[in-house]
Each structure stands twice: as C-alpha cells, then as structure tokens.
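Structure first, commentary second.
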Amino acid sequence: MAKLTVRDIDVKDKNVFVRVDYNVPLEDKSGEMVITDDTRIRETIPTLNLLLSKGGKLILASHLGRPKGKKEPSMSLKPVSIRLGQLLNKPVQFVDDCIGPNVAAAVSKLKAGELLLLENVRFYPEEEANDPGFSEKLASGMDIYVNDAFGSAHRAHASTEGVARVIAKRGGLCVAGLLMERELKFLGDELENPARPFVVLLGGAKVSDKINVIDRLLEKADVLLIGGAMAYTFRLAQGYKVGKSLVEPDKVDVARVALAKAKEKGVKFLLPVDDIVATPVKTDKLDKKGKPIIEWQNPRVNSDMNCPDDAAGLDIGPRTVKLYAEEIEKAKTILWNGPMGLFEDARFAEGTFAIAKYVAEVTQKNNAKSIIGGGDSVKALNKAKLGDKVTFMSTGGGASLEFLEGKVLPGVAVLADKV
Ligand code: ADP
Ligand code: MG
C-alpha cells in the first residue's frame with residue numbers, strides 16, 4: 001500500500017516535525033567538529049524546500065552517532081545546522097535541546113516557511129527506548145509528522161515511531177518525505193511486479209545475514225546470481241572444499257533448502273564457476289579490535305570448484321563474470337545486494353567492478369531498472385564511479401535489507417496510507 005507523502009498534504013502555518021537522517025561523519029579538527037561528507041544533508045533538501053514553499057514551519061530532528069543517552073558535545077548537531085543553512089541559503093536556527101521550554105519558545109516564534117533543527121535526540125536514553133512520555137514531549141505543539149529517514153525506519157524509536165503515534169492519535173497526519181517515498185517505490189512497489197527477466201545479484205559476507213532476503217526473492221526472481229563469501233557456504237552444501245574461505249558451516253542446511261526451493265520454483269540459481277583465491281598470512285600488525293591483520297598473498301585465479309586448502313576465495317573469477325554478464329544483459333529489472341568479493345582490496349575488486357559495469361550498461365542501453373541495496377554495495381558502486389549510472393541506490397543500509405526481507409518497518413507502518 002502506497003503511503004501519503006509531503007506532496008499530498010497542506011502544511012501552511014502548521015508545525016511540521018520532520019525526522020531526517022543527519023547521522024553524518026564528523027572529524028575533530030583542532031577542537032572543532034567538521035562534517036567530512038554532507039551527502040545525507042543534501043539528500044533532504046528537496047523535501048525541505050517543498051515543505052518550506054508550502055508555508056510549513058519545520059522542526060527537524062535527527063540522531064547522530066551513539067551518545068548512549070548522554071549529552072556528548074562531539075555528537076552535537078550544531079555543525080549540521082550551519083551546513084544546512086548554507087545548502088538551503090536560509091537561516092537555520094539551532095535549539096540546544098530536543099524537548100522542553102527552549103524548544104517550545106523557539107517553535108512559537110517560527111513563521112511560515114522557516115525552520116529549526118533540534119539537538120541530537122539520542123542525548124536522551126528515552127529515544128532508543130521509545131519511551132511514551134518522551135514521545136509526548138517531542139510531539140508537543142506538533143501538527144504533522146514527516147519521516148524522511150528511511151535508514152532509521154527499521155527501529156522503533158521515539159523520533160521514528162513513538163512521536164508519530166502521538167500525532168496520529170490526535171488526528172495529525174503522518175507522511176513520507178520524498179527520500180522515503182523513493183525508497184518505498186524502488187525497494188517496494190517496483191519489486192512487487194518487476195519487469196522480467198528479474199535478475200537478483202546477491203553477495204557480501206554471510207548467508208546468515210541474507211537468508212531471509214534469499215528466501216523472499218526466490219518467490220519473485222527469475223534468476224539469482226550468487227557471489228561474495230556466501231557462495232562458499234553453498235559450495236560446502238554441494239560437497240566442495242572451501243579451504244580458508246569465509247564460510248558458515250552451520251548454515252549449510254539453510255543453503256540446501258534455498259537450493260531446493262530454487263529448483264522447485266524454477267528459478268535459475270547460479271553459483272560461481274571460478275574464483276580469485278589468495279593465501280592468508282598473519283602479520284604482527286593489529287587491527288582496531290586488537291586482532292592480527294591478515295595479509296593476502298599470491299592472489300590467483302582458481303578454476304577448480306574446490307578451493308585449495310591453504311587459500312581463501314576472495315572474488316568471483318573471469319568465467320563467472322562472463323556467465324553472470326550474460327544473465328545481466330537480458331535483465332529488465334536488477335536488484336543487487338552485497339559485493340561479489342572483498343572489493344576494499346583492489347586485487348579482489350575486479351569481479352564487483354566488472355559486474356557493476358554490466359549493470360550500469362544494461363540500465364543505460366536497455367532501459368532496465370537497476371536497484372542497489374546494502375551499505376557496502378552502495379560503497380562499491382561509488383568506488384567504481386558508477387553510482388549515477390544505475391536507477392536507484394538505497395540510502396537504507398540495514399533498513400533496506402529488512403525491507404527487502406518483507407519485514408514491516410515500524411517507521412513506515414506508522415505513516416498514513418494513500419486512500
Ligand atoms: P551490504 O552492506 O551491501 O549488504 P555485506 O555487508 O553483506 O554487504 O557484505 C559486504 C562485505 O562482504 C564487504 O566488506 C566485503 O569485503 C565482504 N566480502 C565479500 N566477498 C567476500 C569474500 N569472498 N571473502 C571475505 N569477505 C567478503
Ligand atoms: Mg554491510
């Protein structure tokens with residue numbers, strides 16, 4: 001069911017509580033917190049401009065980092081208010097709290113077409129606890145709720161869910177922002193009745209992270225192409241050796257069930273036919289968690305379905321790329337979640353980048369719809385400089401995965417349906 005959006009409603013002179021995702025990366029530069037990537041702020045501008053042009057009074061709320069319910073100056077949203085003001089070319093008042101008398105005073109002075117940004121909602125433990133009393137305080141004086149923070153919609157927190165309930169109970173409208181609308185359209189509606197063939201690419205680290213997505217997509221897809229480390233759990237299920245590859249032996253049964261379901265549903269389910277393997281060597285260097293950093297030595301193409309005992313599979317091989325490209329080239333709809341290999345290391349990025357190139361090509365030339373979900377998949381597409389050549393890249397990370405699993409996201413459920 002489609003949700004009401006900011007396009008559909010009248011906000012003139014109304015107090016509009018807008019939940020945005022301004023969880024931006026910050027760096028301490030000689031005592032001053034500086035925003036190192038303002039993408040998340042930029043992405044909300046269309047929604048804000050629309051609401052401002054309709055004469056709304058906007059009260060923006062977001063979380064930033066994990067302050068664990070305490071006031072943590074390094075996680076203040078103050079720098080965001082300044083950047084937002086520059087991007088909107090408009091003054092953005094910052095309020096050093098998200099509830100209470102300072103907020104009430106600032107809100108009462110807002111005029112139509114003006115906005116303010118509240119301080120980090122996670123400075124209160126009640127935010128993540130979805131405390132009803134706290135939600136009442138957030139909702140105080142608010143007429144309308146807008147959620148444009150899809151990436152936080154899988155969590156039932158006060159600012160993503162509780163406050164909307166309070167406003168809805170009073171008869172106020174709760175609607176989606178434009179960013180949220182796009183996420184719901186591409187990850188939801190477009191995949192409900194996809195143009196066919198519908199080809200799904202699944203990769204990344206673990207079968208256990210993705211099994212619910214695999215299960216659901218086996219109901220909808222024509223072709224499933226598997227890459228990444230999860231391929232090795234499937235190989236193990238088929239009786240091959242996986243060497244030192246990242247693998248989940250306890251998920252072998254789950255993999256078998258998926259293979260059987262694919263067969264039963266007539267879904268073409270392809271696994272890599274070759275890979276790039278390398279030998280792990282422990283170094284003296286320690287990572288952030290204090291574990292020895294592994295160095296990958298002697299990267300090589302392996303055409304055997306068995307992985308050498310001393311090596312791990314880290315990328316799909318050239319024959320697999322070719323095989324998968326043939327499927328991608330025929331696709332009318334593509335959903336991609338999870339990189340094909342350890343793309344953070346250039347030696348194991350070729351498979352992911354080659355697949356990205358084919359996905360971009362079929363999007364541009366054949367008018368196929370390509371939808372990318374998952375935080376690392378989006379990173380990989382951007383690294384390949386192909387982010388703007390696909391139809392849609394989700395901003396959702398964990399939320400997009402849960403949405404693709406078919407789960408009801410609390411921050412979405414609370415929004416009004418279109419009638
Ligand atoms: P997404 O965030 O797009 O959902 P995941 O988080 O599931 O993707 O997986 C991404 C991670 O999986 C990346 O950090 C990548 O390096 C890792 N990965 C992919 N293939 C392999 C592999 N063969 N061996 C080890 N790690 C892998
Ligand atoms: Mg990830």
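Listed by chain and number, the aspartates and glutamates placed with their C-alpha closer than 19 angstrom to that of Lys365 are Glu326, Glu327, Glu329, Asp388; residues fewer than eight positions away on the same chain are left out.
Exceeding 20 Å between C-alpha atoms, which entries from my cross-link table qualify? They are Lys261/Lys357; Lys68/Lys210; Lys268/Lys332; Lys206/Lys389; Lys285/Lys385. Let's see the in-between values first.
Details: Lys261/Lys357 30 Å; Lys68/Lys210 28 Å; Lys268/Lys332 16 Å; Lys206/Lys389 27 Å; Lys285/Lys385 31 Å.
Over 20 Å Cα-Cα: Lys261/Lys357; Lys68/Lys210; Lys206/Lys389; Lys285/Lys385.
Taking all pairs of distinct Cα atoms, average 1/r, flip it, and tell me the Kirkwood hydrodynamic radius of the chain in Å to one decimal place. About 23.0 Å, per the Kirkwood formula over Cα pairs.
Per-residue ellipticity at 222 nm, computed for the chain from helices alone with -39500 (n - 2.57) per DSSP H run of at least four residues, works out to -9500 deg cm²/dmol. Val199 sits among other residues whose Cβ lies under 12 Å from its own Cβ, and their net charge, with Lys and Arg +1 and Asp and Glu -1, is +2.
Accessible area per residue (1.4 Å probe, heavy atoms of protein chains only) ranks Asp209, Asp131, Asp309 as Asp309, Asp209, Asp131, with the largest value leading. Taking the longest Cα principal axis of the chain as reference, the axis of helix 207-217 is set at about 80 degrees. Per residue of region 92-101, what does 6.51 cos²θ - 1.76 cosθ + 1.60 with θ = phi - 60° give for ³J(HN,Hα)? Whole Hz please, x for Gly and Pro, Karplus curve as stated. Here the 3J(HN,Hα) series is 10, 6, 10, 10, 7, 7, 10, 9, x, x Hz. Taking Cβ atoms as reference points and 12 Å as the exclusive limit, the residues near Ala237 contribute a net charge of 0, counting Lys and Arg as +1 and Asp and Glu as -1. Taking a sphere under 11 Å around the Cβ of Ile276 and counting the other residues whose Cβ falls inside, with K and R at +1 and D and E at -1, yields a net charge of -3. Look at where the Cα atoms of region 87-121 and of region 321-361 average out, and the two centres are 45 Å apart. Once the Cα atoms are used to define both axes, helix 318-330 deviates from the longest principal axis of the chain by about 60 degrees. Averaging Cα coordinates gives a centre for region 404-418 and one for region 1-58; these two points are 20 Å apart. Remark: region 71-127 carries 47 Å² of accessible area per residue (probe radius 1.4 Å; ligands, DNA and RNA excluded).
The values are calculated or read from the model by the stated rules, or taken from the named source; none is laboratory data. Note that the coordinates shown come from a computational prediction; the quantities given were computed from them, not determined experimentally. FYI the Cβ positions are ideal-geometry reconstructions off the backbone, even for glycines, and counts take in every protein chain you see. Quick note on the areas: whole protein, heavy atoms, side chains included, nothing else; ligands and nucleic acids left out. Shrake-Rupley method; radii C 1.70, N 1.55, O 1.52, S 1.80 Å.
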